[in-house]
1. Quickly run through region 48-105 and pick out the residues that are under 17 Å from the mean Cα position of the chain (by Cα) and surrounded by fewer than 15 Cβ atoms within 10 Å (Cβ to Cβ).
2. Testing Lys21 on (1) in a helix (DSSP H, G or I); (2) touching a strand residue (DSSP E or B) at 6+ places or on another chain (Cβ under 8 Å); (3) surrounded by fewer than 23 Cβ atoms within 10 Å (Cβ to Cβ), one condition comes back false. Which one is that?
3. Pairs only if they're at least six apart or on different chains, beta carbon under 7 angstrom, first in region 167-185 and more than 14 Å from Thr156 (Cα to Cα), second surrounded by 17 or more Cβ atoms within 10 Å (Cβ to Cβ) and of a type in the set (S, T, N, Q); list them, first residue then second.
4. What residue, of Ile45, Ile30, Ile37, is β-branched (Val, Ile, Thr), under 21 Å from Gly167 (Cα atoms) and free of Cβ contacts under 8 Å to residues at least 60 places away in the same chain?
Amino acid sequence: MAKLQVAIDLLKTEDALALAKKVAPYIDIIELGTPLIKSEGVAVIRAMKDAFPDKEVFADFKTADAGGLEADLAFEAGADYVTILGSIDDSTIIGAVESAKKHGRAVVVDTIGVKDRVKRAREVSELGVAFVELHAGLDEQGQDGYSIQVLIDEATRAGVPVSIAGGVNKDSIKAVKDSGVVVAVAGGAIYGADDPAKAAKELYDALNA
């Protein structure tokens with residue numbers, strides 16, 4: 001059964017905690033977005049894990065270098081997952097995976113900006129990562145002609161554990177689920193909704209139908 005991950009792209013710890021409180025009953029993984037971590041530092045990871053110890057906390061570091069060091073920072077602050085960019089050298093990913101083994105946690109490779117996401121997903125899956133995020137960032141989503149169907153098709157072809165991030169909403173969630181993902185990542189569809197709890201429940205129910 002695929003897990004539901006909420007991507008919290010807010011900028012203040014108190015706002016992130018307030019949103020998480022609303023949606024926690026329907027969420028498996030709480031993602032602290034890169035802007036949030038840059039704004040508040042690793043203290044926001046500890047605050048979220050302390051508030052929701054039964055949830056998995058995902059630190060979206062998008063690390064590009066010093067994989068072991070940055071993974072240590074995330075895991076020591078309470079993160080269950082940390083992201084490493086798929087566009088960088090394998091040695092950075094390997095360093096993070098070694099840290100994850102030491103801490104009993106996990107690494108996710110983020111394919112944002114990678115031209116051939118399926119090829120890279122297959123490559124990095126050999127390095128001991130938990131899964132690979134097929135990710136179209138906010139800038140890519142804003143381009144004319146963007147469709148989440150591209151990620152859905154990639155997930156179907158990948159043949160390795162993947163998540164999808166980039167426009168998951170109530171209209172696309174069934175197709176995302178059917179693509180075989182291990183995690184569906186929803187951001188704006190939840191935090192931008194008038195009723196975030198209702199939006200999260202709709203996605204959760206669709207994933208678990």
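1. Ala64
2. Exception for Lys21: condition (2).
3. Going by the 7 Å Cβ cut-off, the qualifying pairs are Val185/Gln5; Val185/Ser163.
4. On the way: Ile45 fails: under 21 Å from Gly167 (Cα atoms); Ile37 fails: under 21 Å from Gly167 (Cα atoms).
Just one listed residue meets the conditions, Ile30.
Rule-based calculations on the coordinates, nothing more; no lab input. Fair warning: this is a prediction, and the values are worked out from it, not measured in the lab. FYI the Cβ positions are ideal-geometry reconstructions off the backbone, even for glycines, and counts take in every protein chain you see.
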